[in-house]
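Only the coordinates and a few stated rules stand behind these numbers; no lab work does. Remember, predicted model here, so these are calculated numbers, not experimental data. Reconstructed Cβ throughout: ideal geometry from the backbone, glycine too, with neighbour counts over all protein chains shown.
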Amino acid sequence: MSARDVGSVQLDVVAVHEAYHLELYGFLLHATREREAAEDLLQEVFLRLVRENAAGRAPSDPRAWLYRVGANLAASRGRRRTVAARWLRSRTTPDPVEPPETEYLREERNSELHHALGRMNPDARVALLLAGHGFSGPEIGRALGRSDGATRVLLYRARVRLRELLAPDGAGR
């Protein structure tokens, strides 16, 4: 590979990074629920993209590839670091910018949602987050390595389970 080829790969990676890094960061932040973890995973995703491009295996759909790799990394991290993530979250305190009442209500609502998402299996959680970020069923299926039918069933069951977990009567808790 010549120096010229390497330069063109980096330009492509830079363009892909500029196009998708904020969107992907938002997804990873929701998937991990930790800013530092999301930043680390974002770096890992783009590092893997650089390696794939350098090896001549550039993905045909970079956005879907980035989300698939990000989703897989987030799910793997979630399986390995549940206890550590809980400990770290308990040690962080946000800087209050709004009135305490507003912050408390938002934290309570977010806590319920995060708790409910945390009780779901990683594939269901990632599928819901991808759907929330505007991905279609077939795109989610490709990201998770599932057929379209299996993805529809996964999304349906995940939505039903999330509704149960968030029900005000406490059903599913």
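Below are the figures for this structure:
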item: Cα centre as origin, Lys/Arg/Asp/Glu Cβ charges: the stretch 96-173 dipole, Debye; result: 540 debye
item: Computed E for Arg63/Glu101 - FRET, C-beta separation, R0 35 angstrom, nearest 0.05; result: 0.30
item: Under Karplus coefficients 6.51, -1.76 and 1.60, residue-wise ³J(HN,Hα) of the stretch 126-131 in Hz, glycine/proline x; result: 5, 4, 5, 5, 4, 4
item: Estimated distance in nm for a label pair at Arg157 and Asp169, the labels positioned 7 Å out from Cα along Cα-to-Cβ; result: 2.4 nm
item: Residues Glu36 and Asp148, FRET efficiency given R0 of 30 Å [Cβ-Cβ distance, rounded to 0.05]; result: 0.30
item: Residue order, fewest to most beta carbons within 10 Å, for Leu165, Leu28; result: Leu165, Leu28
